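**Q** Before I ask anything, here is the structure I am working with.
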Amino acid sequence: MFGLVAKILLLGLVAALAVWAAFPLIEAHAWVGLAVEAAVSALVFYAYLTPRRLPLKYLLPGTLFLVAFQVVPVFLTMSTAFSNFGDGHRGTKQDAITAIQTASVVEVPGSPEYALKVVTKGDNAIAFLLTDPAGKQFLGDAQGLKPVAGVPDGYTPLNLGEAGARSQEITKLAVPTAGGAIRSSGISRAYEGRAQRTYQAGCDCVVEAGTGHRWTAHDGSFVDAAGQRLPQGWRINVGLRNFTQVATDSRIARPFFRTLAWNLVFAVASVLTTFALGMLCALALHTDRLRGRTLYRMLLVLPYAMPSFAMLLVWRDMFNADFGLINRLFGLSVDWLGTPWSARLAVILVQLWLGYPYMFLVTTGALQAIPRQMTEAAQIDGATPWQAFRRVTLPLLLVALAPLLISSFAFNFNNFNAIYLTTEGGPFPADDPTAGATDLLITYTYRLAFGAAGARYGFAAAVSIYIFAIVALISAISFRRTRRQEEVYA
Amino acid sequence: MTGWFARIGWRHLVGVLAVLFSLFPIVFVVAAALNPLGTLSSTDAVPTAFTIDNFANLFARTAFGHWYANSILIAGVASVVAVFLSMLAAFAFSRMRFAGRRVGLLSLLLIQMFPQFLAVVAIYLMFARIGDYWPGLSFSSPWGLILLYLGGALGVNTWMMKGFLDTVPRELDESASVDGASHVQVFFQIVLPLVRPILAITALLVFIGTVNEFLLANVFLYEPNSKTLAVGLYGLIAEGVSRDQNFGMFCAGSLLTAVPTVVVFRFLQRFIVSGLTAGAVKG
């Protein structure tokens, strides 16, 4: 009875959510989105109303989140990888032409003039209310001009103070017109300037008035004879170019493969050092005859309980060349994070500190699961402690911990925080600000996509796919060799 | 003497060295948090003075209270819901046999190999679109970020839980079924109470992971009051000058961030060793 009520309530909640989510989609005429939403809701109702399909009832909730926020982004990533999407290549070709023309507007003698009143809409975007000498009024925004009479509904004029505070926006706004654009000159006057650079469909190019300089449309940009391109481009499909660039363009290939090599070294070194130290500690504390064992254990795992993002930043500052603790303590003046190899050593050391308590915990657990008779038998057979460890304990530990070591490898391969919060990928070679000495592929990609040098989403997406492939391949091979694989068949 | 060292002494040596290694950055953080000058350059390896100014400044000059609340909210909701979703799936994988079970288990592992944030560009564009329709679920909102984190709910955790569930005798739930319990009752009344240790551990791991998550949160949360601890504290010492000056405040904030983790950690310690290795060893 209780179960039935709960079920009705939960399904009611789903229905309510579905209706709430549907309204904005209908309003925006997003029919595809609406169809997807309806299909998902129908699936949920089907799963929980049919008496059959028991596994589906348990798998559906998690799977829906998995598909929506993990599988779909992966596929979207794959699709942008085939385009030149990024800064300067966001919109359509028409958007780019409009942007080029309005950006090149200058006031020429005889330009039409308007009285200007700056108005703002509900969403806080500004627009121009323009009155021409004949007294006709227009409303202009980034989309263009439309005739109005007086201040239209939903708009409010800015007063002098408000206009002063937003003068940058006002200076930037250019209302596109047929031959150029209307820009402000102060806050009460505007002029219709003529575009110096105009698009001509005949040659599919942009021509600058006066000089006759021309930029021809090519590959998502307008390019002149000297190879200089205008900053405003548009989004096109580039096929596999983003992928092949990694192999063929030496300016990209060299940093990419150098980063990949270091990435592998970092992941392997992180796993091996943390495992070795964690195991050494676990073995040392694995005896009942040791006094203070609980205290040792408790203090030893403290790094695991500290917030790792904060401790990474603390380590970064301990390595600081000017006022870091390590230099002051040892009276050194080494720029730890400033030279490639010391920076690499530093990030591995930091990773060791952060990671070995975990390895200590899991190795302790695994050691407890190894029957004592096994090592005792080895001793009776005359094995030295080292031989007993090497031939009996270690293999058993590896069998038990291999899956965790592989997961740890996969995690460290993409350990964004470990690098971004300590070195930010640096130090960078003088001639290449895109890939630093400690960069992992993931931080390198992050900089490509969101970095200050201008976003290159398309190429970043292609690199992401390479990372997917590498991690999946290495993990698949390693898993094949572990017991974990067999369990699945059980 | 050499005999003693070979048997016990080296164990103390390793233990002491490891504890020193573990503790010295933490002691440094405490020293910085208690340092009256509050700068990096004036902080020594061990506390030499005592003040709570850094803690007071943290609340007075930054939105630390907001950050803390956001982190607890996001990590709390995300970890509880994620563990529940994961447990549901683990129950199906452990107790039921169905077409696609093997493929499902393996693809969970494979998808987990693609960390969610590799697709950060796509996620950004996706949520920009979501924000057009449902502004409450997009950037600078905790709910959008929670939804996103839940995308990673199924994965390694599901494997760990399945491994643990496999060690719980099936006879227990079968006998309940024979007595007339529905599968829902079996799940909530028989299985859930039995797997409490692994639920606690997984929730703790997800909680720690979420509090420490930086990349997605940094892209997502740009309004000052919407930030999490990771994003907010990072901002405190991000720039050149503030990096030295705000270091004491930053360390005070880090210590406060560790409080909930350490409390839960102490509370759950007896589960931790068995829970962490459950999937691997007992599986």
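The values are calculated or read from the model by the stated rules, or taken from the named source; none is laboratory data. Keep in mind the model is a prediction, meaning the values are calculated, not measured. Quick reminder, even Gly has a Cβ in these numbers, built from the backbone with ideal geometry, and neighbours come from all protein chains shown. All accessible areas refer to the heavy atoms of the entire protein, side chains included, with ligands and DNA or RNA removed. Shrake-Rupley method; radii C 1.70, N 1.55, O 1.52, S 1.80 Å.
**Q** In segment A:243-299, which residues are among the aromatic types (Phe, Trp, Tyr) and touching an Asp or Glu at 6+ places or on another chain (Cβ under 9 Å)?
**A** A:TRP262
**Q** Oh, and also: For B:ASN70, work out the one condition from (1) open to solvent by less than 50 Å² (accessible area, probe 1.4 Å); (2) away from chain A (no Cβ under 13 Å); (3) assigned to a loop (DSSP other than H, G, I, E, B) it doesn't fulfil.
**A** B:ASN70 satisfies every listed condition except (3).
Residue by residue, here is whether (1) within 14 Å of another protein chain (Cβ to nearest Cβ); (2) surrounded by 16 or more Cβ atoms within 10 Å (Cβ to Cβ) holds:
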{"residue": "A:VAL314", "(1), (2)": "yes, yes"}
{"residue": "A:LEU329", "(1), (2)": "yes, no"}
{"residue": "A:VAL347", "(1), (2)": "no, yes"}
{"residue": "A:LEU352", "(1), (2)": "yes, yes"}
{"residue": "A:LEU361", "(1), (2)": "yes, yes"}
{"residue": "A:PHE389", "(1), (2)": "yes, yes"}
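**Q** A further question follows. Of the conditions (1) at positive phi; (2) modelled with pLDDT of 80 or more, A:GLY454 satisfies every one except a single condition; which number is it?
**A** Here A:GLY454 clears every test but (2).
**Q** Out of everything in segment B:221-242 that is open to solvent by less than 50 Å² (accessible area, probe 1.4 Å) and among the aliphatic types (A, V, I, L, M), what residue ends up being nearest to B:SER141 (Cα to Cα)?
**A** Among residues in segment B:221-242 that are open to solvent by less than 50 Å² (accessible area, probe 1.4 Å) and among the aliphatic types (A, V, I, L, M), the one nearest to B:SER141 (Cα to Cα) is B:LEU221.
**Q** Further question: Could you check how many residues of segment B:93-112 are open to solvent by less than 50 Å² (accessible area, probe 1.4 Å), under 18 Å from B:PRO169 (Cβ atoms) and free of Cβ contacts under 8 Å to residues at least 60 places away in the same chain?
**A** 1
**Q** Let me ask something additional. Conditions first: (1) open to solvent by 10 Å² or more (accessible area, probe 1.4 Å); (2) assigned by TED's automatic domain parsing to the domain that holds B:PHE220; (3) under 28 Å from B:LEU233 (Cβ atoms). B:SER42 passes all but one, so which condition is the exception?
**A** (2)
**Q** Which of the residues that make up segment A:284-305 are crowded, with 19+ Cβ neighbours inside 10 Å, within 15 Å of A:GLN368 (Cβ to Cβ) and more than 7 Å from chain B (Cβ to nearest Cβ)?
**A** Correct list: A:ARG297 only.
**Q** When segment B:211-261 is examined, which residues are found to be of a type in the set (Gly, Ala, Ser), within 9 Å of another protein chain (Cβ to nearest Cβ) and in contact (Cβ under 8 Å) with a residue 60 or more places away in the chain?
**A** B:ALA230, B:GLY253, B:SER254
**Q** If you go through segment B:53-65 one residue at a time, do you hit one that is buried (at least 20 other Cβ atoms within 10 Å of the Cβ) and at the interface with chain A (Cβ under 10 Å from one of its Cβ atoms)?
**A** For segment B:53-65, residues buried (at least 20 other Cβ atoms within 10 Å of the Cβ) and at the interface with chain A (Cβ under 10 Å from one of its Cβ atoms): absent.
**Q** Mind checking which residues of segment B:154-198 are within 16 Å of B:MET96 (Cβ to Cβ), within 12 Å of chain A (Cβ to nearest Cβ) and not in a helix (DSSP H, G or I)?
**A** Residues satisfying the conditions are B:LEU154, B:ALA181, B:SER182.
**Q** Give B:GLY131, B:GLY180, B:GLY163 a once-over and let me know the one that is over 19 Å from the mean Cα position of the chain (by Cα) and surrounded by 22 or more Cβ atoms within 10 Å (Cβ to Cβ).
**A** Working: B:GLY131 fails: surrounded by 22 or more Cβ atoms within 10 Å (Cβ to Cβ); B:GLY180 fails: surrounded by 22 or more Cβ atoms within 10 Å (Cβ to Cβ).
So the residue among B:GLY131, B:GLY180, B:GLY163 that is over 19 Å from the mean Cα position of the chain (by Cα) and surrounded by 22 or more Cβ atoms within 10 Å (Cβ to Cβ) is B:GLY163.
**Q** Return the residues of segment A:355-389 that are among the aliphatic types (A, V, I, L, M), in a helix (DSSP H, G or I) and more than 32 Å from the chain's Cα centre (by Cα); say none if nothing qualifies.
**A** Listed by number, the residues that qualify are A:ALA366, A:LEU367, A:ALA369, A:MET374, A:ALA377, A:ALA378, A:ILE380, A:ALA388.
**Q** Just one of (1) under 16 Å from A:VAL74 (Cβ atoms); (2) at pLDDT 85 or above; (3) open to solvent by less than 30 Å² (accessible area, probe 1.4 Å) trips up A:SER464, so point out which.
**A** Going through (1) under 16 Å from A:VAL74 (Cβ atoms); (2) at pLDDT 85 or above; (3) open to solvent by less than 30 Å² (accessible area, probe 1.4 Å) one by one, A:SER464 breaks only (2).
**Q** Condition test on A:THR339, is it in contact with a helix residue (DSSP H, G or I) (Cβ under 8 Å, 6 or more places away or on another chain), at pLDDT 80 or above and within 30 Å of B:LEU23 (Cβ to Cβ)?
**A** no
**Q** Another question, then. Which number in (1) open to solvent by less than 30 Å² (accessible area, probe 1.4 Å); (2) facing another protein chain (nearest Cβ under 9 Å) marks the one condition that A:ALA267 misses?
**A** A:ALA267 satisfies every listed condition except (2).
**Q** Here is a follow-up. Please go through segment A:146-191 and pick out each residue that is under 38 Å from the mean Cα position of the chain (by Cα) and open to solvent by 70 Å² or more (accessible area, probe 1.4 Å).
**A** Result: A:GLU162, A:ALA165, A:GLN168, A:GLU169, A:THR171, A:LYS172.
**Q** Quick check: anything in segment B:210-220 open to solvent by less than 30 Å² (accessible area, probe 1.4 Å) and under 30 Å from A:PRO55 (Cβ atoms)?
**A** Within segment B:210-220 (the criterion being open to solvent by less than 30 Å² (accessible area, probe 1.4 Å) and under 30 Å from A:PRO55 (Cβ atoms)), the answer is yes, since at least one residue qualifies.
**Q** Can you tell which of A:LEU448, A:LEU398, A:LEU404 is in contact (Cβ under 8 Å) with a residue 24 or more places away in the chain, out of contact with any strand residue (DSSP E or B) (no Cβ under 7 Å at 6 or more places or on another chain) and part of a helix (DSSP H, G or I)? Full working, then the answer.
**A** On the way: A:LEU448 fails: in contact (Cβ under 8 Å) with a residue 24 or more places away in the chain; A:LEU398 fails: in contact (Cβ under 8 Å) with a residue 24 or more places away in the chain.
Just a single option satisfies the conditions, and that option is A:LEU404.
**Q** Here is a further query. Just to be sure, is B:ALA82 more than 8 Å from chain A (Cβ to nearest Cβ), assigned to a helix (DSSP H, G or I), out of contact with any helix residue (DSSP H, G or I) (no Cβ under 9 Å at 6 or more places or on another chain) and closer than 22 Å to B:THR228 by Cα?
**A** No; evaluated as a whole, the condition is false for this residue.
**Q** Give me a count of the residues in segment A:114-126 that are more than 21 Å from B:ASP132 (Cα to Cα) and touching a Pro at 6+ places or on another chain (Cβ under 9 Å). Show your work before the answer.
**A** From segment A:114-126, those more than 21 Å from B:ASP132 (Cα to Cα) are A:114-119; that's our starting set.
Filter again for touching a Pro at 6+ places or on another chain (Cβ under 9 Å), leaving A:114-115, A:117-119.
Matching residues across segment A:114-126 total 5.
**Q** A further question on this structure: Using the structure shown, decide if A:ASP132 is within 28 Å of the chain's Cα centre (by Cα), of a type in the set (D, E, K, R) and either surrounded by fewer than 17 Cβ atoms within 10 Å (Cβ to Cβ) or closer than 22 Å to A:TYR457 by Cβ (or both).
**A** No.
**Q** Quick test of your reading of the structure: B:ALA33 fulfils all but one of (1) crowded, with 21+ Cβ neighbours inside 10 Å; (2) at pLDDT 85 or above; (3) outside any helix (DSSP H, G or I). Name the failing condition by number.
**A** Condition (3) is where B:ALA33 drops out.
**Q** Are there any pairs with C-beta distances below 7 angstrom linking a residue in segment A:46-62 that is under 18 Å from A:LEU4 (Cα atoms) to a residue that is open to solvent by 100 Å² or more (accessible area, probe 1.4 Å) and at pLDDT below 90, with the two at least 6 apart or on different chains, and if so which?
**A** Pairs found: A:ALA47/A:ARG53.
**Q** Among the residues in segment B:134-153, are any within 25 Å of the chain's Cα centre (by Cα), open to solvent by 10 Å² or more (accessible area, probe 1.4 Å), modelled with pLDDT under 85 and at positive phi?
**A** Yes, segment B:134-153 contains at least one residue that is within 25 Å of the chain's Cα centre (by Cα), open to solvent by 10 Å² or more (accessible area, probe 1.4 Å), modelled with pLDDT under 85 and at positive phi.
**Q** While we're here: If you check A:MET298 against the conditions, is it within 30 Å of the chain's Cα centre (by Cα) and not aromatic (Phe, Trp, Tyr)? Before the answer, list the steps.
**A** Values: within 30 Å of the chain's Cα centre (by Cα): no; not aromatic (Phe, Trp, Tyr): yes.
Answer is no for this residue.
**Q** Identify, please: which residue in segment A:213-236 is aromatic (Phe, Trp, Tyr) and over 20 Å from A:THR80 (Cα atoms) and is, among those, surrounded by the most Cβ atoms within 10 Å (Cβ to Cβ)?
**A** A:PHE222
**Q** Which residue out of A:THR259, A:THR248, A:THR216 is among the hydroxyl-bearing types (Ser, Thr, Tyr) and in contact with a Gly (Cβ under 9 Å, 6 or more places away or on another chain)?
**A** A:THR259
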